[in-house]
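Have a look at the structure below before the remarks.
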Amino acid sequence: MIKTFDDIISVNDQEEIKNLLLGRDFTWHYLQDITKQDGLQKRPAFSHYFVLDEKNNSKWSDLTNNIIINSCIKSGVSCQKVLESRAFLQLPNVTKEQTIDTPHIDRRNNHTVILYYVKTSDGDTIIYEGEKEHTITPKQGRVVVFNGLLKHTAKQPIKNSRCIINVNIC
C-alpha cells in the first residue's frame, strides 16, 4: 500500500509548519549522514525529533497531530501509537550531482510511514515495492503513506533545500 495525498492539511497549517521549521527559532541537530549513522556516505543533514521512542521529545510534539490524523483517515490506516516523529532538512548537494541516499527501512517491526513534505523541492522520494520503484516529488502539503517495511530513500536535492516530516505509527 502506497497512497499519496495533496493538501493533507490546510494551506494555513502548511505555511505555519514551513515558517516554523525554516525559521530562526526552530532547533535542528546536525547529522553526519542522513541515512547511515556511520557517516560513510557523508550526506549531511539536520534532524529534529518530535517523538522519540514513543515519548514526546520536543516542545513542538503536537505539530504533527493534524498530519497524522488526516493521513490515517484518508488512507484508512489505524494509528494506535506514534513510534517516532521527526523532521529532516537537507541542503542542496554542493557537487550538483544528484545522488541517491542509501535505501532503508526506519524500523524492523511492522509500522506505517507517513512522509509529509514541508516545502516544494527537488530530491524525489523513492519507495521500492519488489521490483517496482515509486517516485514521489516533494510538494508542499503532500503526504505519502506506506508500509514501513518497504525500503525507501531519497535523491539528494541539488536546486534547493528538502524538508520533510517522517512519522512512524503502528
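Between (1) 22, 19, 16; (2) 24, 19, 16; (3) 40, 20, 12, which entry matches semi-axes √(5λ) of the Cα gyration tensor in Å as derived from the coordinates of this structure?
Label (1) holds the value from this structure.
Whats the longest run of the chain with zero GluC sites (Glu not before Pro) that are DSSP loop and have at most 14 other Cβ atoms within 10 Å?
Longest site-free region, per DSSP loop and neighbour criteria: 1-53.
Along the Cα-to-Cβ line of Thr135, 7 Å from the Cα, sits a label point; which residues in segment 78-107 have backbone N less than 14 Å from it?
Backbone N within reach: 98-101.
Probe radius 1.4 Å, ligands and nucleic acids ignored: give me the carbon and sulfur share of the accessible area of segment 1-115 as a rounded percent.
47
Which one, Val77, Val51, Val94, has the greatest fluctuation when you compute a Gaussian network model over the chain with C-alpha springs under 10 angstrom?
Taking springs between Cα atoms under 10 Å, the residue moving most is Val94.
Once you keep just the Cα pairs under 8 angstrom separated by 6 or more residues, what percentage relative contact order results for segment 30-170?
Once divided by the residue count of segment 30-170, the mean separation gives 29 percent.
Amide H of Leu83 versus every other amide H placed in the peptide plane: which residues, excluding those fewer than 5 positions away on the same chain, fall under 5 Å?
Amide H neighbours of Leu83: Asn168, Ile169, Cys170.
A 21 angstrom limit on the alpha carbon distance is what I want to check against. Which of Lys18/Lys139; Lys3/Lys119; Lys59/Lys155; Lys81/Lys155 exceed it?
Lys59/Lys155; Lys81/Lys155
Would you list, by chain and number, the aspartates and glutamates whose Cα falls below 16 Å from the Cα of Lys74, excluding same-chain residues fewer than 8 positions away?
Result set, ordered by chain and number: Asp6, Asp7.
What nm distance separates the two modelled labels at Lys55 and Glu16, each placed 7 Å from Cα along Cα→Cβ?
2.8
Got a sec? Which residues in segment 149-170 would a label at Ile105 touch, if it sits 7 Å along Cα→Cβ and we count backbone N under 15 Å?
Counting only backbone N, you get 149-153, 168-170.
Dipole of segment 1-121, Cα-centred, from +1 at each Lys and Arg C-beta and -1 at each Asp and Glu C-beta, to the nearest 20 debye?
It comes to approximately 220 debye.
Short version: ³J(HN,Hα) in whole Hz for each residue of segment 76-93, in order, from phi by Karplus 6.51 cos²θ - 1.76 cosθ + 1.60 (θ = phi - 60°), x for Gly and Pro, what are they?
x, 9, 8, 10, 7, 7, 8, 7, 8, 8, 8, 10, 10, 10, 10, 8, x, 5
Using a Cα-Cα cut-off of under 14 Å, which aspartates and glutamates could be cross-linked to Lys55, ignoring same-chain neighbours fewer than 8 residues away?
Cα-Cα hits under 14 Å: Glu84.
The values are calculated or read from the model by the stated rules, or taken from the named source; none is laboratory data. Everything numeric in this text was worked out from a predicted model, so none of it was measured. Reconstructed Cβ throughout: ideal geometry from the backbone, glycine too, with neighbour counts over all protein chains shown. These area figures cover heavy atoms from the full protein model, side chains too; ligands, DNA and RNA do not enter into them. Shrake-Rupley method; radii C 1.70, N 1.55, O 1.52, S 1.80 Å.
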